[in-house]
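The values are calculated or read from the model by the stated rules, or taken from the named source; none is laboratory data. Computed from a predicted structure; not experimentally measured. So basically every Cβ, Gly included, is an ideal-geometry build from the backbone, and we count neighbours across all protein chains shown.
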Amino acid sequence: MSFCRIFCRWIDNFNSVIGRWVSWVTGLVVVVVFTDVVMRYAFNTSYVFVQELEWHLFAFIFLMGAGKTLLNDGHVRVDIIYQRLNPKGKAWINLIGVIFFLIPGCWLIIETSTKFAFHSWLILEGSPDPGGIPYRYLIKSCIPVGFIFILLQGISMGIKSFFTILGKDLETEREN
């Protein structure tokens, strides 16, 4: 039990730190989008690099911040049944979801996107557009990394749900 508590806290803290760092990137997105809009409407010009930077930053935010979003239970969920359940019922749904959907889904994406990113690194893939970002392999590497963060947070969620089902709370349980 002590190991599980420490392991879950480590994952939660890890994704919290990553989430805080990623949140600062949103400020950069605002500056980039504002600059793009001003350049487009005030000066009637636009740069491919700036447009690609917008979607690279958005992708980075969503991929790297998804684990923190899962930690905060911020993902979209249809709460028709879930919201009416007691904590043990919610724990059952979370545990089943983690085991049968989250873990296999993350594993599939990690497996396929790792090869995808690796091949991109091999050729140091860049933008096919003139003036685009030359480091496309970096954003492609965020796909498996982001899903590893989600997978880790899902494992933490599953462990906590399992102990809730058993009637134990990992957060408040004292060590013997």
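Are any of the residues in the range 117-127 of a type in the set (A, V, I, L, M), within 30 Å of G89 (Cβ to Cβ) and modelled with pLDDT of 95 or more? Before you say what the answer is, go through the steps one by one.
Start the filter on the range 117-127 by keeping residues that are of a type in the set (A, V, I, L, M), which leaves 117, 122-124.
Going one step further and asking which of them are within 30 Å of G89 (Cβ to Cβ), we end up with none.
No, every residue in the range 117-127 fails to be of a type in the set (A, V, I, L, M), within 30 Å of G89 (Cβ to Cβ) and modelled with pLDDT of 95 or more.
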For R9: the one exception among (1) in a helix (DSSP H, G or I); (2) over 30 Å from K168 (Cα atoms): (2)
Single unsatisfied condition, E125 versus (1) assigned to a helix (DSSP H, G or I); (2) in contact with a helix residue (DSSP H, G or I) (Cβ under 6 Å, 6 or more places away or on another chain); (3) of a type in the set (D, E, K, R): (1)
Long-range neighbours under 7 Å by Cβ, at least six apart or interchain, first residue in contact (Cβ under 8 Å) with a residue 24 or more places away in the chain within the range 111-131, second of a type in the set (S, T, N, Q): A117/S141
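State all residues of the range 35-92 that are of a type outside the set (V, I, T), farther than 29 Å from D12 by Cβ and assigned to a helix (DSSP H, G or I); if no residue qualifies, say none. Outline the logic, then answer.
Our first condition is that a residue be of a type outside the set (V, I, T); within the range 35-92, this holds for 36, 39-44, 46-47, 49, 51-60, 62-68, 70-75, 77, 79, 82-92.
Filter again for farther than 29 Å from D12 by Cβ, leaving 36, 39-44, 46-47, 49, 51-55.
Listed by number, the residues that qualify are D36, M39, R40, Y41, A42, F49, Q51, E52, L53, E54, W55.
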Subset of the range 144-174 (residues that are closer than 15 Å to A91 by Cα and not in a helix (DSSP H, G or I)): L166, G167, K168, D169, L170, E171
